[in-house]
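Below: the structure, in structure tokens.
The values are calculated or read from the model by the stated rules, or taken from the named source; none is laboratory data. Every value quoted in this text rests on a predicted model; they were computed, and no experiment measured them. Here Cβ is always computed from backbone atoms with ideal geometry, including for glycine, and neighbour counts include all displayed protein chains. Please note that ligands, DNA and RNA were not included when accessible areas were found on the heavy atoms of the full protein model with its side chains. Shrake-Rupley method; radii C 1.70, N 1.55, O 1.52, S 1.80 Å.
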Amino acid sequence: AATRVDVNGLIEKGRENLLLQSNQFDTTWNPIGGGSFTSGQSGYDGTNDAWQFDVTTTSTSGTYQVITLSGVATFSAYFKKGTIDKIGFTDLAGTTFMCWFDLTNGTIGQQTGDLIDAQIVSVGNGWYRCSITDIASGNNYLQLKPSNAYSGTSTAGNILIQDAQFELGLVATDVIETGASTAQSGILEDLPRLDYSGGASCP
């Protein structure tokens, strides 16, 4: 793929959201232990595209999706507290890594394993974009676990979620919503190499 230096002097590259149904959580996603979703909730972006994530048991409830890839990758999603105020990211077995985000204080509450990075960023109205970066290898099972405590188990209650993304790279980029297949954006294959550097108004 070609590279491009844009009008702001920044290098652009191709991006791809590797999740399927990235904002349709009642389809390709795999609920565990009684997790369920209700659409039509008020979202971080002023739409009604958020989902209420209900957890009905206090064991290992949650949801996950399997992505097959190798390399440095970042998973992100937007969350807002409901009756539950913490969300955990973990591998399916809960043995390789675990990272908890506090949606009341906007902080990373507890982290175990060898993650490269973890971030929580406020986007207003109680919404946060939470992300983790790790080295992916083979089949990657990333599970989302709502809880009111930093533990390996879930808590009965609900939380809001919107716009999940799994992408190669060190940072969470702008959301690319997907459907039954992955989706791409930016500078992709078979495009010319463009350069706006040096103050040029035309590449």
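Does Gly106 satisfy the criteria of being open to solvent by less than 40 Å² (accessible area, probe 1.4 Å) and over 13 Å from the mean Cα position of the chain (by Cα)? Here the answer is yes, as Gly106 does meet what is asked.
Checking each residue in the range 105-160 for being on the phi > 0 side of the Ramachandran plot and out of contact with any Lys or Arg (no Cβ under 9 Å at 6 or more places or on another chain) picks out Gly106, Gly113, Gly124, Gly138, Gly157. With respect to (1) at pLDDT 85 or above; (2) not in a strand (DSSP E or B), the lone exception for Gly9 is condition (1). Applying the criterion of at least 2 residues that are crowded, with 21+ Cβ neighbours inside 10 Å to the strands (runs of 3 or more DSSP E) found wholly in the range 31-94 leaves 50-55, 62-68, 71-81, 86-91. If you take the residues in the range 135-166 that are touching a Leu at 6+ places or on another chain (Cβ under 6 Å) and open to solvent by less than 30 Å² (accessible area, probe 1.4 Å), which one is modelled with the highest pLDDT? Among residues in the range 135-166 that are touching a Leu at 6+ places or on another chain (Cβ under 6 Å) and open to solvent by less than 30 Å² (accessible area, probe 1.4 Å), the one modelled with the highest pLDDT is Ala164.
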